[in-house]
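Below is one structure, written out as structure tokens; the observations come after it.
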Amino acid sequence: MVTFDQKIAELLNNWTVDGWPVGNLILCIIALALCVILCGTIGIEREWRGRSAGLRTHLLVGVGSCLIMIISIYGFPEIFSHDVARLAAQIITGVGFLGAGAIMHRNSGVKGLTTAGTIWVVMAIGIACGSFNFILAFVGTALILFVLTSFKKVEIRMNRKNPTILLTVPADKNILDIILTVSKEFECSVHGLSSEISESGGRKTIDVSYQATFENNEDRLAEYASKIEHDSEAISIQILGHR
């Protein structure tokens, strides 16, 4: 099936001026310009939210992917048989490693997954532009922006029912028993509990993080956290994801 944008690409590829094939050069310029606009839009959204990978990172990944795809199509003499998909496959692998560098694991959980995802999808947009699938690139960008903006509200609303609680308590406290006892009292379930031993003020402490799910007692979160803090003699307590 030949799409509308691919038909335009075919016509431009056959356009010559005094025997010179200028159409494919114009086509490449259009692909790069469109890639800058689409990937830049996603990069601006990430920059506006203060993420580690912002406008420049997303532009570099997208335009780089677009350039490699164009080189894969036009950059090899016709006397050499080549598969244009081979370089695209290498882009996917390489950008996957780049996205992994944006992910950080902390006691409060994993950070940077969304940013790593946007780095990966601007690569896909760059490949779409570089292979002259302009309509697909437009639709993909629109869907990505919709997910990044609209679904954020859904995520916040869901996190209200599943706040993450971070605790630092003295090492001699049986924090697991305290959490389970208080959670049972408040009809709250505990998920994803993790802990590690550290040191604070010259004494050993335990850093604990977990998600507390309130089915019917969401309004009692402050009371629940206060009870945990009191019973465990917590040095510090934080509640994340609750508005």
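The values are calculated or read from the model by the stated rules, or taken from the named source; none is laboratory data. Note that the structure is a prediction, hence the values are computed from the model and not measured. Methodologically, a virtual Cβ is constructed for each residue, glycine included, from the backbone with ideal geometry; neighbour enumeration extends over all protein chains shown. Keep in mind that these areas ignore ligands, DNA and RNA; they rest on the heavy atoms of the full protein, side chains included. Shrake-Rupley method; radii C 1.70, N 1.55, O 1.52, S 1.80 Å.
Residues in region 22-60 that are in a helix (DSSP H, G or I) and among the basic types (Lys, Arg) were compared, and the one that is surrounded by the fewest Cβ atoms within 10 Å (Cβ to Cβ) is Arg56. In summary, Ala142 fulfils each of the numbered conditions (1) under 19 Å from the mean Cα position of the chain (by Cα); (2) open to solvent by 80 Å² or more (accessible area, probe 1.4 Å); (3) under 30 Å from Val84 (Cα atoms) with the single exception of condition (2). Only one of the numbered conditions (1) among the polar types (S, T, N, Q); (2) at pLDDT below 85; (3) open to solvent by less than 60 Å² (accessible area, probe 1.4 Å) is violated by Thr205, and that is (2). Contact map, region 164-192: residues that are on the phi > 0 side of the Ramachandran plot paired with residues that are part of a loop (DSSP other than H, G, I, E, B) and modelled with pLDDT under 85, Cβ distance under 6 Å, separation 6+ or inter-chain. Pairs shown: Glu187/Asn217. Every condition in (1) modelled with pLDDT of 85 or more; (2) in contact with a strand residue (DSSP E or B) (Cβ under 7 Å, 6 or more places away or on another chain); (3) not in a helix (DSSP H, G or I) is met by Ser183 except one, and the failing one is (3). Within region 108-124, if we keep just the residues that are at pLDDT 90 or above and open to solvent by less than 10 Å² (accessible area, probe 1.4 Å), the residue that is nearest to the chain's Cα centre (by Cα) turns out to be Val122. When Ser72, Ser131, Ser150 are screened for being modelled with pLDDT of 75 or more, exposed (fewer than 12 other Cβ atoms within 10 Å of the Cβ) and out of contact with any Asp or Glu (no Cβ under 7 Å at 6 or more places or on another chain), only Ser150 passes.
Ala102 satisfies every condition listed in (1) at pLDDT below 70; (2) outside any loop (DSSP other than H, G, I, E, B); (3) surrounded by 15 or more Cβ atoms within 10 Å (Cβ to Cβ) except (2).
Listed conditions (1) modelled with pLDDT of 70 or more; (2) farther than 14 Å from Ser131 by Cβ are all met by Pro77, apart from (1).
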